[in-house]
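So the structure is just underneath, and the comments pick up after that.
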Amino acid sequence: MVAQTLERPSLNQNSQAKKVYDVVIIGTGFAGLCMGIRLKQAGIESFVILEKGNGIGGTWRDNTYPGAACDVQSHLYSFSFAPKSDWSRLFGPQEEILNYMNQCTDRFGIRSFIRTNSEVSGASFDEKTGLWEINTVGGKSYKTKSVVSGTGGLSRPVLPNIKGIDTFKGAKFHSAKWDHSYNLQGKKVAVIGTGASAIQIVPTIAPIVGTLKLFQRTPAWIIPKPDSNISGSVKGIFKFIPPLRWLFRKAIYWLNEIGVLAFAINPKLMKIFEKFARSFINKSIHNEELRKKLTPNYTIGCKRILLSNDYYPALNRENVELVTDGIEEITSSGVKTKDGVEHKVDAIIFATGFQAAEAVSPFEIKGREGKLLANVWEDGAEAYLGTTVSGFPNLFMIVGPNTGLGHSSMILMIESQVQYALQGIRYLLNKNIKFLDVRKDVQDRYNKEIQRRLGKSVWLTGGCVSWYNTSSGRNTTLWPGFTFEFKARTFFLRPKDYEFVRADGKAKKPGIGSRVSMILDATFG
Ligand code: N01
């Protein structure tokens, strides 16, 4: 079914009639690209994709630090509809992932829809017209029937709130904003943080720098990374016998999926992983004091489990020191710890993560009755199926609240959400419907269920502090189940979950005919 482009007069009476897009997508990470590709395949071509950077790729464009690679197997960390036979490694490096995203952008013909250097500054919904107005930092504005936000959870790097951080006279940068013009060769370097980014950075720069001081606040559980090059013959087999590539992807999928049993259903099973990780530390680190410092005191899985074969060996190096005394302040020449020692360095690298749990949207979003999303989410972000929020009609979030995974590929969740959003958009374009708004009682019931399930998970019972949870201890980031459950729940947009408002302002539930055509669209469209 091909949607029509709506042309409506602008809300601003002083300006000329302005194009009204069917969809404005925000972001060109995997989420934004997937939505764009699916819209185009569905014959919906009245859309733009706004991107704040000067190229596509989101997280995979920004994180160019040395050693950046995926910690999910590439054959699964790729679109199901765009398999790649020739991944160079089981866990692809950043550059190859970004290339893949660029190839998909061209192969599916969506580059001309992308507007780079278009950072969104605000979005507001007009209940009278049922339209959103999207404003950019550069002063442009777009009118649209619907908005798909694909801004992701890892797009806002966080510099820690450490006293004196601005006084440091040497080089300093965040892992997600790597300064490639700075030559680390022979330098005295501090790395703050020991999360997923740091464990990739440290082994890569340790052989280059003069000395490396790694400031750890909480140790991470680390297990070996089953990574290797993929040989030419295997790539050939995948290329010429696609069912084998498909089987390989499925095998990875099910192996990862088993993890849910321990993460979310019975955290006691984590003991098995913990035993494995403990023996990995014991085997890799020979110095007893260092081993103690590196052994976490919370249940494995509570914070993200990290995969690395070269992190522990890097910490055994003579020029690397693990500092665990706690940071007191940053001085003009280094990092002072609570024991009074000043560690003088030439450069500080902040591998301190992203602002994730507290607020998902990096710009102001105004919904019905002028309500601000930031206010609605004061006590923690929540949505229905991680995608729609009551009071914010025609807005679909990809990688919204409680859609993150601790065990598998985010692209599985993205594809499910895109499928769901596409159905909502089809309703808006085909059925004389002004807007659809998820019912508050439906959203509340859903979140009650999600939080009840999360309460039993290792993320809330494991005894750690993590960015998965808000400061009040609510988990607003992770999905507490199997990815196939999420796929099943987002496969059909159930009209009864939504308030439908017609163009004449009357509430309207779609009839049985509309629902049947929706289901046909969703299945074969
Ligand atoms: O960030 P993090 P990241 N003083 O938040 C420490 C994804 N990712 O960039 O644990 C001292 O995990 C903080 O300490 P603590 C992945 O989803 C994916 O590494 O809070 N230390 C922690 O050690 C990941 O989960 C890949 O006590 C301070 C570190 O900084 C997410 O990105 C690769 C501090 C932050 O760790 C974020 O990972 C890389 C302070 N004031 C990342 N403040 C893939 O391969 C913070 N820290 C797909």
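The values are calculated or read from the model by the stated rules, or taken from the named source; none is laboratory data. Source: prediction; values computed, not measured. Note that each Cβ is placed from the backbone with ideal geometry, even for glycine, and that neighbours are counted across all protein chains shown. Note: areas computed on protein heavy atoms with side chains; ligands, DNA, RNA excluded. Shrake-Rupley method; radii C 1.70, N 1.55, O 1.52, S 1.80 Å.
Neighbours of residue 212, meaning other residues whose beta-carbon lies under 14 angstrom from its beta-carbon, give a summed charge of +1 when Lys and Arg score +1 and Asp and Glu score -1. Here the dipole of the chain is about 1120 debye; that uses its Cα centre as origin and unit charges on the Cβ of Lys and Arg (positive) and Asp and Glu (negative). Selection among 446, 425, 476 by position relative to the dipole of the range 424-484 gives 425 as farthest towards the positive end (Cβ unit charges, Cα centre). With all protein chains in place and a 1.4 Å probe, the accessible surface of the chain carries 53 percent carbon and sulfur.
Taking the C-alpha atoms only, the angle from helix 440-455 to the longest principal axis of the chain is near 20 degrees.
Let me have the relative contact order for the chain, percent, based on Cα pairs under 8 Å that are six or more residues apart. Before the final figure, lay out the partial values.
Working: 1045 pairs, mean separation 96.5, N = 525.
Relative contact order comes out at 18 percent.
Measuring between alpha carbons in the structure, the pairs from 18/128; 84/143; 366/506 lying more than 26 angstrom apart are 84/143.
Please compute the length gained on full extension between residue 81 and residue 331, using 0.36 nm multiplied by the number of residues separating them and subtracting their Cα-Cα distance.
Values: separation 250, 0.36 × 250 = 90.00 nm, distance 5.12 nm.
Full-extension gain reported as 84.9 nm.
When only alpha carbons are used to place a centre, the range 399-462 and the range 89-131 end up 20 Å from one another.
Angle, helix 512-524 long axis vs. longest principal axis of the chain, Cα atoms, 0 to 90°, nearest 10? Taking Cα atoms only, the helix is inclined about 40 degrees.
Between the C-alpha center of the range 194-228 and that of the range 268-298 there is a gap of 16 Å. Dipole of the range 198-356 computed with +1 at Lys/Arg Cβ and -1 at Asp/Glu Cβ about the Cα centre; of 349, 315, 224, farthest Cα towards the positive end is 224.
The Cys residues in the chain with no partner Cys Cβ within less than 4.7 Å of their Cβ are 34, 70, 104.
Seen against the Cα atoms of the chain and their longest principal axis, helix 94-107 is set at about 20 degrees.
The slack between residue 453 and residue 494, meaning 0.36 nm per residue of separation minus the straight C-alpha distance, is 12.5 nm.
Ranked by solvent-accessible area (1.4 Å probe, protein heavy atoms only, all chains present), the residues 342, 485 order from largest to smallest as 342, 485.
Taking only C-alpha pairs under 8 Å that are 6+ residues apart, what is the relative contact order of the range 66-153 in percent? Kindly include the intermediate steps, with their values, before the conclusion.
Numbers: 78 pairs, mean separation 14.3, N = 88.
Relative contact order, the range 66-153: 16 percent.
Taking each DSSP H run with n ≥ 4 as -39500 (n - 2.57) and averaging over every residue of the chain yields -9000 deg cm²/dmol at 222 nm. Which of the residue pairs 52/371; 271/293; 448/487 have a Cα-Cα distance greater than 22 Å in the structure shown? Correct reply: 52/371.
Using only alpha carbons, the chain has a radius of gyration to Kirkwood radius ratio (Rg to Rh) of 0.98.
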